[in-house]
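Read-outs throughout are calculated quantities, based only on the coordinates presented, and are distinct from any laboratory measurement. Since this is a predicted model, take the numbers as computed values, not measurements. Every residue, glycine as well, gets a Cβ built from its backbone with ideal geometry; the counts of neighbours run over all protein chains shown.
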């Protein structure tokens, strides 16, 4: 297992690499994982989301426990929407309540798959090999918008707002997701605690099937869907998502006037 | 009115600029419209989609005539989905039938708004000023997938396949969309012919309202939705979309074995 992070350096450069013992061993990029030779103390660096996806593919109904609770059959192909690149923030950055929206905002703790190489109509083997590693995602939703219009469910709008894709703190390669649990807390109180092994489509199977629909590019992220325990976030509340071995993703919901733009 | 295009040069460079009398007057980029001084004959250049959007926001139910035909009320806010960057092709490039899909593929002729500057929570004036110009979009859909799963309409999947966002041939700035009609033909037979003035949300109003949801970036495209006359494309058939003053976008649906990858 290796841990990969992305940072802003004090001179405004974005650096990416492998983190070990408080040091960043810089690499060219996620799709060109070649060391540059530079080694930087992480204390002088500001963490960013661990990659900059061109697109985020977010799954719906991908856990047996949630499907059972919602009384929905498990799907035959991954059901997904797209979240835009501009929705991504890293751990510690604020989730901003949209100026135009006063309704319920909901967290969803999810495993994120980070794509390492271009992937289209992949075989099972190619799909598995195209996974660079795993991260954590809080797939935030403006829940009242989802079915505001009875003729058109607004998945992309409700989940696409700026700051509504929290991601991080790191990407871990070689991670054994089958043995892991995801835990979500809201202001320190546990709200989700589910085994990743309950997934309907495994990560490699998601990549294989989604690559039949959309070419996946290096840095793209698939948010694997959530399980039971989803709930709303009050303004000022903090959501943390933890998978042992990957780390903890922590973000606080703020109203616009609290945030310097 | 100025006409803007993007090309591949014979040495593999991408060039963008203003086209006049068979010559490309090169500009730095769409968001930095500063002339480089280079002037190139367009005869030596291969046309590309006129911009490379990070995301495509595609509207549903934005024409009064189509809303009336579908017996749906017009919406209070633009209803949209996202098409990924990888779905974009230019005029003359083939629409590829997905290997995994044998069903109905549908054309939708649409006006495309090209964003020229970053735009978030825009005023009406800022929204109007952030429009760089207008292009044509064929918003292609794998129609049988849309409601394949009764619990989750698959808008992003059905409209997100590679090559399913045909765009071009040019971007025209200063274009008076209010006076224009959009005409779609299928193998030379007219199938759509509708006035753009029938739009529910005008382009500037679309930009203003969508910028409350998602930050729009330079080069992003909003596909304004289609009107009546949508229909299916048989393998081998050619769809052309024309707006006088912008040009004609032409694409042929091909099956995978016909296309060199």
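Report relative contact order for the range A:1-46 in percent, whole number only (criteria: Cα-Cα under 8 Å, sequence separation at least 6).
32 percent
What do the square roots of 5 times the Cα gyration tensor eigenvalues come to for the range B:13-100, in whole Å, largest first, as semi-axes of the equivalent ellipsoid?
For the range B:13-100, the semi-axes come out at 35, 18, 13 Å.
What whole-number volume per residue, in cubic angstrom, does the convex hull of the C-alpha atoms of the protein assembly as shown give?
Roughly 157 Å³ of hull volume per residue.
Between the range B:23-91 and the range B:205-261, what is the separation of their alpha carbon centroids in Å?
Comparing the Cα centres of the range B:23-91 and the range B:205-261, I get a distance of 8 Å.
Can you give me the relative contact order of the range A:1-117 as a percent, contacts being Cα pairs under 8 Å and 6 or more apart?
After rounding, I find 19 percent.
What number results when the radius of gyration of the range A:35-161, computed over Cα atoms, is divided by 2.2 N^0.38 Å?
1.26
What is the extension gain from residue B:179 to residue B:40, computed as 0.36 nm multiplied by their sequence separation minus the C-alpha to C-alpha distance, in nm to one decimal?
Result for the pair: 46.8 nm of gain on full extension.
I'd like the Kirkwood hydrodynamic radius of the range B:111-211, using the inverse of the mean 1/r over distinct C-alpha pairs, in Å.
15.6 Å
Taking R0 as 45 Å, what's the FRET efficiency between residue A:144 and residue A:124 from their Cβ-Cβ distance, rounded to 0.05?
0.65
Starting from 0.36 nm per residue, how many nanometres of slack lie between residue B:68 and residue B:10 once their C-alpha separation is accounted for?
Full extension from residue B:68 to residue B:10 adds 16.0 nm.
Of A:149, A:193, A:138, which is the most mobile in a GNM of chain A whose springs link Cα atoms less than 10 angstrom apart?
Judging by the Gaussian network model, the answer is A:149.
Give the Cα extents of the range A:1-47 along the principal axes, in whole Å, largest first.
For the range A:1-47, the Cα spread along each principal axis is 24, 21, 17 Å.
Translational D (Stokes-Einstein, µm²/s) of the range B:147-261 at 37 °C and 0.692 mPa s when Rh comes from the Kirkwood sum over C-alpha pairs?
It comes out at roughly 199 µm²/s.
Distance between the C-alpha centers of the range B:115-137 and the range A:105-130? Whole Å please.
Result: 33 Å between the Cα centres.
Of the residues B:248, B:46, B:141, which exhibits the maximal mean-square fluctuation in a Gaussian network model of chain B defined by a 10 Å Cα contact cut-off?
B:46
Between residue A:198 and residue B:2, take the C-beta separation as r, use R0 = 56 Å, and let me know the FRET efficiency to the nearest 0.05.
My answer for the efficiency is 0.50.
Where in the range B:154-186 does the label zone of residue A:151 land, with the point 7 angstrom along Cα→C-beta and an amide N cut-off under 20 Å?
B:154-156, B:159
Count the DSSP beta bridges whose two residues both fall in the range A:49-258, then state the antiparallel fraction as a percent rounded to the nearest 5.
85 percent
Would you mind calculating the relative contact order of chain A from Cα pairs under 8 angstrom and at least 6 residues apart, reporting the percent as a whole number?
Reported relative contact order: 26 percent.
Please list the equivalent ellipsoid semi-axes of the range A:87-165, computed as the square roots of five times the alpha-carbon gyration tensor eigenvalues, in descending order and whole angstrom.
Here the semi-axes work out to 30, 17, 9 Å.
Treat the range A:49-258 as a sphere of radius equal to its Kirkwood radius over Cα pairs and apply Stokes-Einstein at 25 °C in a medium of 0.890 mPa s; give the translational diffusion coefficient in µm²/s, rounded to a whole number.
145 µm²/s
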